[in-house]
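Worksheet for the structure shown next.
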Amino acid sequence: EARGELEKKMLLLSADVERLEASRGQDDYKGRFTVLEGRLAQHDEESAHLRKTLREKDASEKELRRALAQAKAVVVQLESDGALHRGLRDNALRELDDAETRLAAAREGQVRMEAEC
């Protein structure tokens, strides 16, 4: 009878040990789950930060493209203005040459008139 009682206690102890091990396993899984949840939250934060950084980069690139387009338009305008100014300068030089030629001819004519008188 003592042996039966001892076997009964051994079975209860064995069951208690199994419950403790199962509980320990559950605690281990809970701990791992908590760690994984923390990592997931950290990855979510990093992902949100990267998306924000990407949006800011896209906005910066858009602004740079707009500024580049404006700069190209200014270059085109400057080239056009340069061509216009070169044309005006060339016309002014031709007019100056014509005026100098007429002035020289007029002086020559005046010298002749004075010589004839």
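Helix content alone sets the calculated 222 nm mean residue ellipticity of the chain: runs of n ≥ 4 DSSP H residues at -39500 (n - 2.57) each, divided across all residues, give -38000 deg cm²/dmol. With N the number of residues in the chain, Rg(Cα) / (2.2 N^0.38 Å) evaluates to 3.69. Of the residues Leu84, Leu13, Leu64, which exhibits the maximal mean-square fluctuation in a Gaussian network model of the chain defined by a 10 Å Cα contact cut-off? Highest fluctuation among the options: Leu13. For the residues Gln77, Gln26, Gln42, a GNM of the chain with alpha-carbon springs under 10 Å puts the largest fluctuation on Gln26.
Which net charge results when you count Lys and Arg as +1 and Asp and Glu as -1 among the other residues whose beta-carbon is under 14 Å from that of His43?
Computed value for this residue: -2.
Each principal axis of region 71-117 carries a Cα extent, and these read 67, 7, 5 Å when sorted largest first. Compared with the dominant principal axis of the Cα atoms in the chain, helix 2-116 is inclined by about 0°.
Each reported figure results from applying straightforward, stated rules to the coordinates on display, with no laboratory input. On a predicted model such as this, the values are computed, not experimentally measured, just so you know. Cβ: placed from backbone, ideal geometry, glycine included. Neighbour counts: every protein chain shown.
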